[in-house]
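Scroll down for the structure; my scribbles are underneath it.
The values are calculated or read from the model by the stated rules, or taken from the named source; none is laboratory data. What you are looking at is a predicted structure, and each value in this text was computed from that prediction instead of being measured. Ideal geometry is used to build each Cβ from the backbone, glycine not excepted, and the neighbour counts take in all protein chains shown. For the accessible areas, the whole protein counts, side chains as well, though only heavy atoms, and no ligand, DNA or RNA atoms are used. Shrake-Rupley method; radii C 1.70, N 1.55, O 1.52, S 1.80 Å.
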Amino acid sequence: MKNIVLFGKPGAGKGTQAALLKEKLQWVHISTGDVFRYNIKNQTELGQLAKSYIDDGALVPDEVTIKMLSDEVEKNPDANGFIFDGFPRTTAQAEALDNLMQDKSMKINATISLEAEDEILIQRLIQRGKDSGRSDDMDESKIRNRFDEYNQKTAPLIDFYQKQNKFVAVNGIGSIDEIALKLEQIVADL
Ligand code: AMP
């Protein structure tokens, strides 16, 4: 069994690539953003709790997010592998993920980072907002806030995973298929 983290700023293409990898490998894809949006849509207690943070472009508190992620892993005892998309986003989350993996005799094999410049990402997000109606993609100040959150809280994870020799950077600019091929190759070599 292998497990990977797809890492990168909002708009880097994590969700798109995770969906393709999931199709290819038949692994379980967990996107914490998607789980939050599902809960908001269905007006669950978790959704109500997360909504104000997501609407502001802020991170949902660690305690809530970590519990939710661990529940999602528990729901899939027969998984061949997990693709974690949008998690971890803080050092506390990364430590919790390592502990969860260890408890289950599993591990993160690699953290694959999709890299692109902010200005390109902002253009992509604004376009996605128009196509999907996602409110946190439609407002440039919310997008900027998500980038600030990334820079302050998520960027330190580069060092966290580099120290574990698990960090692999991939150019996130290019055709979707081209990038998907690169990711497949990285996963095959793990
Ligand atoms: P995403 O779909 O990954 O861009 O996530 C959308 C929003 O959901 C983020 O801006 C956060 O508000 C929230 N979110 C998703 N994943 C996490 C996480 N790991 N930790 C905290 N908040 C998260």
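Probe 1.4 Å, all protein chains in place: accessible area of Glu149 in Å², nearest 10?
Surface accessible to solvent at Glu149 totals approximately 20 Å².
So if I take the centroid of the Cα atoms in region 111-125 and the same for region 1-35, what is the distance between those two points in Å?
After rounding, the separation between the Cα centres reads 15 Å.
Sort Asp131, Asp137 by accessible area with a 1.4 Å probe, largest first.
Values: Asp131 120, Asp137 0 Å².
Result, largest first: Asp131, Asp137.
Pulled fully out, how much extra length does the chain show between Gln185 and Gln162, if you take 0.36 nm times their separation in residues and subtract their Cα-Cα distance?
6.3 nm
Over the Cα atoms of region 87-165, how large are the radius of gyration and the largest Cα-Cα distance (Dmax), in Å?
Just the Cα atoms of region 87-165 yield Rg and Dmax of 15.3, 43 Å.
Which of the residue pairs Lys22/Lys153; Lys51/Lys75; Lys67/Lys104; Lys107/Lys166; Lys9/Lys142; Lys2/Lys67 have a Cα-Cα distance greater than 18 Å in the structure shown? Don't skip to the end; give the middle numbers.
Working: Lys22/Lys153 27 Å; Lys51/Lys75 23 Å; Lys67/Lys104 16 Å; Lys107/Lys166 11 Å; Lys9/Lys142 14 Å; Lys2/Lys67 22 Å.
Cα-Cα > 18 Å for Lys22/Lys153; Lys51/Lys75; Lys2/Lys67; rest within.
What is the packing order of peptides 63-71, 41-49, 162-170, taking the mean over residues of other C-beta atoms within 10 Å and listing the highest first? Before the final figure, lay out each step's value.
Details: 63-71: 16.7, 41-49: 12.4, 162-170: 14.7.
Sorting 63-71, 41-49, 162-170 by mean packing, highest first, produces 63-71, 162-170, 41-49.
What size of dipole, in debye to the nearest 20, comes out for the chain about its Cα centre when the only charges are +1 on Lys and Arg C-beta atoms and -1 on Asp and Glu C-beta atoms?
Roughly 220 debye, rounded to the nearest 20.
Counting only the backbone N, which residues of region 1-45 are under 18 Å from the spot 7 Å out from the Cα of Ile120 toward its beta-carbon?
So the set is 7-18.
Could you state the orientation-averaged shadow area of the convex hull built on the Cα atoms of the chain, in nm² to one decimal?
Mean projected area for the chain: 10.1 nm², to one decimal.
Roughly how far apart, in whole Å, are the Cα centres of region 149-186 and region 67-94?
17 Å
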